[in-house]
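The values are calculated or read from the model by the stated rules, or taken from the named source; none is laboratory data. Everything numeric here is computed off the predicted structure, so don't read it as measured data. All Cβ positions, even for glycine, are placed from backbone atoms using ideal geometry, and neighbour counts span all protein chains on display. These area figures cover heavy atoms from the full protein model, side chains too; ligands, DNA and RNA do not enter into them. Shrake-Rupley method; radii C 1.70, N 1.55, O 1.52, S 1.80 Å.
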Amino acid sequence: AMGGVLGSMAGGMVRSMGIGRGGAGVGAAIGGSGNGDGIGTSQSIGVNFREDWSQKVSGYGSYSFSRRNTNTVRNSTQQYIDATDPTKYIQNNDDDNLALNHRFSFNVEYKMDSFNYFKFTPSISVRNTDAENFSDFLILGANDIKNSDGTNRSLSNSTSPNLNGNILFNHRFKKRGRTLSVNLSSQASFTESTEDYVNLSTNYGSNGNTFTRNTYQYVTQDNENRNSSVRASYVEPLNKKQNLEFNYSYSLQVTGNDRENYLVDPLSGSKTYRDSLSNIFDNTYITNRMGVNFRTNEKKYNYSVGLAVQPATINSNSISGKYKFKQDIINYYPVVRFAYNFSRSRSFSVNYNGSTSQPSFSQLQPVPDISNPQYIVIGNPFLRPEFTNNLSLRYNNFDFISGDVFFGNITASFTNDKIVNNTRIIQPGAIQETKYVNSNGFYTVTGFYNISKPFQNRKYVFNVGGNLTYNNNISFIENDRNQGKNWILGQRLALDYKVKKWLETTLALNYSLNNSRNSILKEQNANSRAFTVSHNSRIFLPKNWIFNYDLDKTINSGLADNVNFNPFIINANIEKQLSKKKNVSVKLQANDLLNENIGINRSVFANSITDTRTNRLGRYFMGTLVVRLNKFQGKAASMQHRTIIMGGPPPPGHNF
């Protein structure tokens, strides 16, 4: 329990310190502030219910509906790493997306007796999406020579129902510690979509000649994903402190895709079916996993050591007769867990396990996807599942008396048969083709720490924290193996100072670095940096007035010209407590007074580096009335509030 409490505290500190950004070797936020990308308008409604039918049987569930309309404006520059044809793909996107979501879930619990428990959990959700995308692009070759430019426009519509069902049964035997648990689950999701694509492009030759290529497409897709599994666990106690667990699981996963591609005559609107761009296939993945774990629980420490074996069979079949493939594989899963509790507030733990990941239908589909004719993608039906080894070490130390805090952890993952890109140039500066292959050598290592030290009876609190991630990415460029080494560093210093009872203030400095190195084309190695100064204060004024402000200034460097920006974010609010019990208050907020809130991101892959700048909710004003009602003495207060938007759109996800 203490580990969970400390873990939650650590997470809160990480978020408040602003460190730890960037994940799994793909990308890292560089500079900017605010919520999610794009500007959205949301409405939602929901209801929860519960009824006890008897002392043993109860049912409860919920229904919700949401509607979200989002406009996203994005500027990006993608640098492709290629020794013969290094290119820059500069793109400006304007996307509108309307999503409607229905979700219903239900639970039935049956407590048969003190030894048996049964639970049934069905759920259903339906998502409807309409999207419109427009973009213009410019492709530059070596020495920034223009190779091609043009526009892309797409209209799409999709409907995605999802069905889930889960049955859980637990049985406790009369012998203390002996238990049996059985879990059955089934999930089915379907997506029907239609997409209209228009691509207008012009290629520029070295001799000054130009060539125009216009492509009009209509694509229908019917995707199906079904997954059924059975898991059973039996625990046999050996003594008061040790036990054996035997577990077994069976899983059946079926992935199917029916893709039909038509070329469209822009004058008549007539459609011509293209067999070479269409396919119907299904992929069946069956696994049987058997394992055993030995567990020991002592006063100061506990550990678990086990081994699991998982044979698997993969069948890939093209209904249209283009291919048929079967393979048998076997994976071994060592499991090691160790935790040592030095005291109630200091602990150390080590965890190791393995996991598999099945390729998606888009990675398996073996026909060309020319939605963007400049960047053609072809799947591979012979892909094997990825197998990842995961290792984590964690140390927590919290002194309740002094307030000293230290959290630190190291995680590492090593993936065999990683699904990576294999790219080749079909037409220099104009057309690139990407296929998927399995490869070894991909791994990620991440370290994080946070230290908090109070002084002078907690008048001053000094915080320092940081994270360091190394990603060893793998890709193939013209069938040559490229190793992309990506370092992501974040470091933050902060000082909290309680000047007087009426003034609390914080000053923080944050530095981040994204470093990329490639084995094929070292000339395209790159660094980006961000330096942020933050300051906020909370001022308690006479007559129960409270004033808050936040200042964040970020300076970015090393990013693409159409992305780089140095935002200055200013937020402020003033609050008035209206009652002596301080349970009623009004608040006026002003957010992003300079209207400079944007999202900036750098994503690093083994064959490309992408810098992206995205619009976010900027300046807005908000009024809030807060009423706290204590229903039961000694219980935590519940809070009800009503918010009135006084200017500008509401923040994403806010309902009133």
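Summary table
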item: Residue match in segment 562-577 (condition: among the acidic types (Asp, Glu) and crowded, with 22+ Cβ neighbours inside 10 Å); result: no
item: Condition broken by Leu364, with the remaining ones in (1) farther than 20 Å from Val437 by Cα; (2) buried (at least 18 other Cβ atoms within 10 Å of the Cβ) satisfied; result: (1)
item: Qualifying positions in segment 174-197 - without any contact (Cβ under 8 Å) to a residue 40 or more places away in the chain and either more than 27 Å from the chain's Cα centre (by Cα) or surrounded by 15 or more Cβ atoms within 10 Å (Cβ to Cβ) (or both); result: Ala188, Ser189, Phe190, Thr191, Glu192, Ser193
item: Subset of segment 420-463 [part of a loop (DSSP other than H, G, I, E, B) and either of a type in the set (A, V, I, L, M, F, W, C) or farther than 21 Å from Ile474 by Cα (or both)]; result: Pro428, Gly429, Ala430, Gln456, Asn457, Arg458, Lys459
item: Residue match in segment 159-173 (condition: outside any strand (DSSP E or B), more than 34 Å from the chain's Cα centre (by Cα) and under 30 Å from Asn107 (Cβ atoms)); result: yes
item: Answer from Ser512, Ser452 - the residue that is hydroxyl-bearing (Ser, Thr, Tyr), touching a helix residue (DSSP H, G or I) at 6+ places or on another chain (Cβ under 8 Å) and open to solvent by less than 60 Å² (accessible area, probe 1.4 Å); result: Ser452
item: Criterion: of a type in the set (A, V, I, L, M, F, W, C), surrounded by fewer than 18 Cβ atoms within 10 Å (Cβ to Cβ) and over 25 Å from Thr215 (Cα atoms) - qualifying residue of Phe407, Phe387, Phe382; result: Phe382
item: Meets criteria (in a strand (DSSP E or B) and open to solvent by less than 30 Å² (accessible area, probe 1.4 Å)) for Ser135; result: yes
item: Residue list for segment 318-345, filter: over 30 Å from Asn397 (Cβ atoms) and open to solvent by less than 50 Å² (accessible area, probe 1.4 Å); result: Ser318, Tyr323, Gln327, Ile329, Asn331, Tyr333
item: Total residues in segment 198-212, condition part of a strand (DSSP E or B) and open to solvent by 70 Å² or more (accessible area, probe 1.4 Å); result: 4
item: Matching entry among Tyr117, Tyr89 (being surrounded by 15 or more Cβ atoms within 10 Å (Cβ to Cβ), at pLDDT below 95, aromatic (Phe, Trp, Tyr) and in a strand (DSSP E or B)); result: Tyr89
item: Any chance Asp82 is within 30 Å of Thr434 (Cα to Cα) and more than 28 Å from the chain's Cα centre (by Cα); result: yes
item: Residue in segment 278-291 that is closer than 30 Å to Leu200 by Cβ and over 28 Å from the mean Cα position of the chain (by Cα) present; result: yes
item: Which listed residue, of Ser66, Ser42, Ser33, is crowded, with 16+ Cβ neighbours inside 10 Å, within 30 Å of Asn595 (Cβ to Cβ), at pLDDT 95 or above and in contact with a strand residue (DSSP E or B) (Cβ under 7 Å, 6 or more places away or on another chain); result: Ser66
item: Residue match in segment 392-408 (condition: modelled with pLDDT of 95 or more, under 20 Å from the mean Cα position of the chain (by Cα) and assigned to a strand (DSSP E or B)); result: yes
item: Neighbours by Cβ (under 7 Å, 6+ apart or cross-chain): first from segment 261-276, surrounded by 10 or more Cβ atoms within 10 Å (Cβ to Cβ); second of a type in the set (Val, Ile, Thr) and assigned to a strand (DSSP E or B); result: Asn261/Val219; Tyr262/Thr272; Leu263/Thr272; Lys271/Val264
item: Qualifying positions in segment 455-480 - closer than 19 Å to Ala526 by Cα and open to solvent by 70 Å² or more (accessible area, probe 1.4 Å); result: Leu468
item: Test: residue in segment 139-153 that is on the phi > 0 side of the Ramachandran plot and open to solvent by less than 30 Å² (accessible area, probe 1.4 Å); result: yes
item: Strands (runs of 3 or more DSSP E) within segment 598-656 that include 3 or more residues open to solvent by 40 Å² or more (accessible area, probe 1.4 Å) and at pLDDT below 90; result: 620-629, 638-647
item: Per-region count, segment 423-437, residues open to solvent by 30 Å² or more (accessible area, probe 1.4 Å) and of a type outside the set (Val, Ile, Thr); result: 5
item: Some residue of segment 295-309 being closer than 30 Å to Val377 by Cα and of a type outside the set (Asp, Glu); result: no
item: Filter result for Phe348 (open to solvent by 50 Å² or more (accessible area, probe 1.4 Å) and touching a strand residue (DSSP E or B) at 6+ places or on another chain (Cβ under 7 Å)); result: yes
item: Selection count where residues are buried (at least 17 other Cβ atoms within 10 Å of the Cβ), touching a Leu at 6+ places or on another chain (Cβ under 8 Å) and under 21 Å from Tyr285 (Cα atoms), scope segment 227-258; result: 4
item: Residue match in segment 76-84 (condition: assigned to a strand (DSSP E or B), under 30 Å from Asp480 (Cα atoms), open to solvent by 30 Å² or more (accessible area, probe 1.4 Å) and at pLDDT below 90); result: yes
item: Scope segment 586-597; condition open to solvent by less than 20 Å² (accessible area, probe 1.4 Å) and in a strand (DSSP E or B); matching residues; result: Ala590
